[in-house]
Amino acid sequence: MSLYKGSCHCGSIQFEVEFSLTKTVTCNCSICSKTGAAYTSVQDDKLQITEGKDQLSLYQFGSKTAKHYFCEQCGIHPFLRPRISPELWAVNLRCIEGLDVNDYPSKMFDGVNWEQTVEAWIKHK
């Protein structure tokens, strides 16, 4: 595992996260397709918000299970608590310093067909 630093666009939100990256996950749901994020999931204790916790806004929609966090200043979406595993963090890899998501294979999560996709993912884990 490696320790990475990340931030929103304006730098108000800064964080450190520890993970080993082998692939990224993208999603075609209504919010992910508009933000263009690429994710990796980490355990709760692997993400530390080091600056700007008070600058985070919460956005929820649909089932209101997922918790999407955005910077109040620049609107960038650095991480979320995903609906599929709300005890984890899904980190937007595009917010990590010096990391090019194009250097890693990507897996598509079909969030448009969420229920069927989750059932298929659980079977193949």
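Considering only the range 13-54, how many residues are small (Gly, Ala, Ser), surrounded by 13 or more Cβ atoms within 10 Å (Cβ to Cβ) and closer than 12 Å to Cys95 by Cβ? Result for the range 13-54: 2.
Residue-wise test of (1) closer than 18 Å to Gln55 by Cβ; (2) of a type in the set (S, T, N, Q).
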| residue | (1), (2) |
| --- | --- |
| Met1 | no, no |
| Cys8 | yes, no |
| Thr24 | no, yes |
| Ile31 | no, no |
| Lys34 | no, no |
| Thr40 | no, yes |
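If you filter the range 16-52 down to residues that are part of a helix (DSSP H, G or I) and modelled with pLDDT under 95, you find that the one that is nearest to Gly62 (Cα to Cα) is Cys32. Of all residues in the range 85-106, those satisfying the criterion of being surrounded by fewer than 12 Cβ atoms within 10 Å (Cβ to Cβ), closer than 19 Å to Lys23 by Cβ and charged (D, E, K, R) are Asp100, Asp103.
Scanning the range 92-125 for residues that are among the basic types (Lys, Arg) and touching a helix residue (DSSP H, G or I) at 6+ places or on another chain (Cβ under 9 Å) gives a single hit, Arg94. Filtering the range 75-112 to residues that are over 18 Å from Tyr59 (Cβ atoms), without any contact (Cβ under 8 Å) to a residue 24 or more places away in the chain and not in a loop (DSSP other than H, G, I, E, B) leaves Asn102, Asp103. Number of residues in the range 1-12 that are hydrophobic (A, V, I, L, M, F, W, C) and either surrounded by fewer than 12 Cβ atoms within 10 Å (Cβ to Cβ) or at pLDDT below 95 (or both): the value is 2.
Against the test of being in contact with a helix residue (DSSP H, G or I) (Cβ under 6 Å, 6 or more places away or on another chain), within 23 Å of Leu21 (Cβ to Cβ) and buried (at least 16 other Cβ atoms within 10 Å of the Cβ), the options Pro82, Pro78 yield a single qualifying residue, Pro78. Quick one: in the range 63-74, which of the residues that are touching a residue at least 12 places away in the same chain (Cβ under 8 Å) and assigned to a loop (DSSP other than H, G, I, E, B) is surrounded by the fewest Cβ atoms within 10 Å (Cβ to Cβ)? Restricting to residues being touching a residue at least 12 places away in the same chain (Cβ under 8 Å) and assigned to a loop (DSSP other than H, G, I, E, B), the top hit is Ser63.
The values are calculated or read from the model by the stated rules, or taken from the named source; none is laboratory data. Just so you know, these numbers come straight off a predicted model, no measurement behind them. Positions of Cβ are generated from backbone atoms using ideal geometry, with glycine treated the same way; all protein chains shown enter the neighbour counts.
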